[in-house]
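Participant: Please see the structure below; I have some questions.
The values are calculated or read from the model by the stated rules, or taken from the named source; none is laboratory data. These numbers come from a predicted model, not from an experiment. Neighbour counts run over all protein chains shown; Cβ positions are idealised from the backbone, glycine included. These accessible areas exclude ligands, DNA and RNA; they are computed on the full protein's heavy atoms, side chains included. Shrake-Rupley method; radii C 1.70, N 1.55, O 1.52, S 1.80 Å.
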Amino acid sequence: MLIGLCVLALSILIACYEIPRLWKQGCRKEVWIYCTLMLLGNVMATLKGMAKQIPNPADWITFLMVPLTKVLLQIGLIKL
């Protein structure tokens, strides 16, 4: 839990420096993207720090592509 709080505190410090600069430059979309990616990174770093299992993105791709490959094989668009 302490690791999660440390990561959050560091992220807030970095965001307090970066977000006002981007906002003054008129980069509104970039601020939203920055906040979204920072939140995603915080969640993943906190989970990793708490020794939780984080799924591998390659597993998600495999989960999506195996059925598609089977369909393409059945209709004859690809051959092995």
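Participant: Please determine, in degrees from 0 to 90 and to the nearest 10, the orientation of helix 2-24 with respect to the longest principal axis defined by the Cα atoms of the chain, where the helix direction is its Cα long axis.
Facilitator: Its long axis makes an angle of about 80 degrees.
Participant: Output ³J(HN,Hα) for region 28-44: one whole-Hz value per residue in order, computed from phi by the Karplus curve 6.51 cos²θ - 1.76 cosθ + 1.60 with θ = phi - 60°, and x for Gly and Pro.
Facilitator: Taking θ as phi minus 60°, the curve returns 5, 5, 5, 5, 5, 5, 4, 5, 5, 5, 5, 5, 4, x, 5, 4, 5 Hz for region 28-44.
Participant: Dipole of the chain, Cα-centred, from +1 at each Lys and Arg C-beta and -1 at each Asp and Glu C-beta, to the nearest 20 debye?
Facilitator: Approximately 140 debye in magnitude.
Participant: Counting only helical runs of four or more DSSP H residues, what would the 222 nm mean residue ellipticity of the chain come to if each run contributes -39,500 (n - 2.57) and the total is spread over all its residues?
Facilitator: Helix contribution divided over all residues of the chain: -28000 deg cm²/dmol.
Participant: Ignoring any ligand, DNA or RNA, what whole percent of the accessible area of the chain comes from carbon and sulfur when the probe is 1.4 angstrom?
Facilitator: Carbon with sulfur: 74 percent of the solvent-accessible area.
Participant: Please compute the per residue accessible area over the chain with all protein chains in place, 1.4 Å probe, rounded to a whole number of Å².
Facilitator: So the chain comes to 87 Å² accessible per residue, rounded to a whole number.
Participant: Now for a separate question. Over the chain, what is the relative contact order in percent, taking alpha-carbon pairs closer than 8 angstrom and at least six residues apart?
Facilitator: 35
Participant: Residue by residue, what Karplus-based ³J(HN,Hα) values in Hz, rounded to whole numbers, does region 48-65 have, using 6.51, -1.76 and 1.60 with θ = phi - 60° and x for Gly and Pro?
Facilitator: 5, x, 8, 6, 8, 6, 9, x, 7, x, 5, 5, 5, 5, 4, 4, 7, 7
Participant: Under 10 Å, Cα contacts only: if you run a Gaussian network model on the chain, which one of Leu37, Leu64, Leu13 comes out with the highest mean-square fluctuation?
Facilitator: Taking springs between Cα atoms under 10 Å, the residue moving most is Leu64.
Participant: Ok, one more. Just to be sure I understand, if you calculate mean projected area of the Cα convex hull in nm² for this structure, which of (1) 4.8; (2) 5.8; (3) 8.4 do you get?
Facilitator: Recomputing mean projected area of the Cα convex hull in nm² here picks out (3).
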